[in-house]
Amino acid sequence: MRLDHVSIVVDDLPAAIDFFTALGMTIEGEAAVEGPWVDRVNAIEAVQVDIVMMQTPEGQGRLEPTQFTNPKAAETEPPAAH
């Protein structure tokens with residue numbers, strides 16, 4: 001079994017980075033992403049996201065924590081666990 005590339009949406013990107021770093025992952029890069037391609041992929045207009053690419057300890061897998069800056073996250077019922 002292996003992990004190739006998984007993207008997860010998070011509410012707090014710095015906290016997610018801290019969490020996955022504590023698990024042994026390392027940051028490969030960070031970027032703010034927006035534009036027509038991102039809108040098309042997400043099927044939402046005016047998308048703006050901050051992403052971080054992290055590498056698993058053995059170097060084979062990638063994890064991409066993603067935080068949307070636009071649109072703002074919708075409230076959930078019941079509230080999300082923190």
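The values are calculated or read from the model by the stated rules, or taken from the named source; none is laboratory data. Fair warning: this is a prediction, and the values are worked out from it, not measured in the lab. Here Cβ is always computed from backbone atoms with ideal geometry, including for glycine, and neighbour counts include all displayed protein chains. Surface accessibility is based on the protein's heavy atoms, side chains included, excluding ligands, DNA and RNA. Shrake-Rupley method; radii C 1.70, N 1.55, O 1.52, S 1.80 Å.
Below 13 angstrom from the Cβ of residue 71, what's the summed charge of the other residues (Lys, Arg +1; Asp, Glu -1)?
-3
Rolling a 1.4 angstrom probe over the protein heavy atoms, how many square angstrom per residue are accessible across the chain?
Value returned for the chain: 72 Å² of accessible area per residue.
With the crude spin-label approximation of a point 7 Å out along Cα→Cβ, what separation in nm comes out for residue 48 versus residue 2?
Inter-label distance under the simple model: 3.8 nm.
Among 5, 51, 66, which residue has its Cα positioned farthest towards the positive end of the charge dipole of the chain, with +1 placed on the Cβ of Lys and Arg, -1 on the Cβ of Asp and Glu, and the dipole taken about the Cα centre?
The one lying farthest along the dipole's positive direction is 5.
Hey, got a sec? Which GluC sites (Glu not before Pro) in region 1-80 land in a DSSP loop and have at most 13 other Cβ atoms within 10 Å?
Answer by residue number: 45, 58, 75.
Once you list every other residue whose beta carbon is under 14 Å from the beta carbon of residue 33, what net charge do they have if Lys and Arg are +1 and Asp and Glu are -1?
Spelling it out: positives minus negatives among the neighbours equals -4.
For P(r) over Cα pairs in 10 Å bins from 0, in percent, the listed values are (i) 17, 52, 25, 6, 0; (ii) 17, 44, 32, 8; (iii) 16, 41, 31, 11, 1; which was obtained by calculation from the structure presented?
Computed from the coordinates, P(r) over Cα pairs in 10 Å bins from 0, in percent corresponds to (ii).
Ignoring everything except DSSP H segments at least 4 long, calculate the 222 nm mean residue ellipticity for the chain; use -39,500 (n - 2.57) per segment, divide by total residues, nearest 500.
One gets -5500 deg cm²/dmol as the mean residue ellipticity at 222 nm.
What's the magnitude of the charge dipole for the chain around its Cα centre, counting Lys and Arg as +1 and Asp and Glu as -1 at the beta-carbon? Answer in Debye, nearest 20. Don't skip to the end; give the middle numbers.
Numbers: 4 positive and 14 negative charges, 44 e Å.
For this selection, approximately 220 debye.
How far, in nm, would the chain grow between residue 77 and residue 62 when pulled straight, counting 0.36 nm per residue and subtracting the alpha carbon separation?
Answer, rounded to one decimal: 2.3 nm.
Just flag the trypsin sites (Lys or Arg not before Pro) in region 1-63 sitting in loop per DSSP whose Cβ has no more than 16 other Cβ atoms within 10 Å.
Hits after loop and neighbour filter: 2.
What part of the accessible area of the chain, given as a whole %, is carbon or sulfur when the probe is 1.4 angstrom?
Taking all protein chains in place, the chain shows 57 percent carbon and sulfur surface.
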